[in-house]
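The values are calculated or read from the model by the stated rules, or taken from the named source; none is laboratory data. No experiment lies behind these values; they were computed from the predicted model shown. Here Cβ is always computed from backbone atoms with ideal geometry, including for glycine, and neighbour counts include all displayed protein chains.
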Amino acid sequence: MEASNQTETQKKANFNIKQFLSGNILVQESIRKHLWYILFVVLLSVIYINNKYKTESILVDIIRLQGEVKELRDRSVSYASELMSISRESEVLKIIERKNVDLKELKLPPQKIVVKKNY
């Protein structure tokens, strides 16, 4: 009886590449007992790998969008500074003269017009 127990334990312990490649390892009782657990672990592994690929693609998109935001922010600052320089009074006068627009600068401050109502 001890000899049969030893041969069974040796059969259980001797998992080699030849058995694995031939498919005989799937027929053994110890593997069949834990088949659902093995399938569950494989499923979790596939889900984990899929999740990792999705998060990496999202990370690549985030990095790309951050670069675009930085570029657009720089462009916005450039346009704002250009607009500020163009909207100065001296620059406006130069543009008016260059385009021959018949506008003249006021020398007097604006005055308030008061209208009296007679009822």
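In the stretch 92-111, which residue that is of a type in the set (D, E, K, R) and in a helix (DSSP H, G or I) is nearest to Glu82 (Cα to Cα)?
That would be Lys94.
Is it the case that some residue within the stretch 15-23 is modelled with pLDDT under 85, surrounded by 10 or more Cβ atoms within 10 Å (Cβ to Cβ) and in contact with a Lys or Arg (Cβ under 9 Å, 6 or more places away or on another chain)?
No, the stretch 15-23 contains no residue that is modelled with pLDDT under 85, surrounded by 10 or more Cβ atoms within 10 Å (Cβ to Cβ) and in contact with a Lys or Arg (Cβ under 9 Å, 6 or more places away or on another chain).
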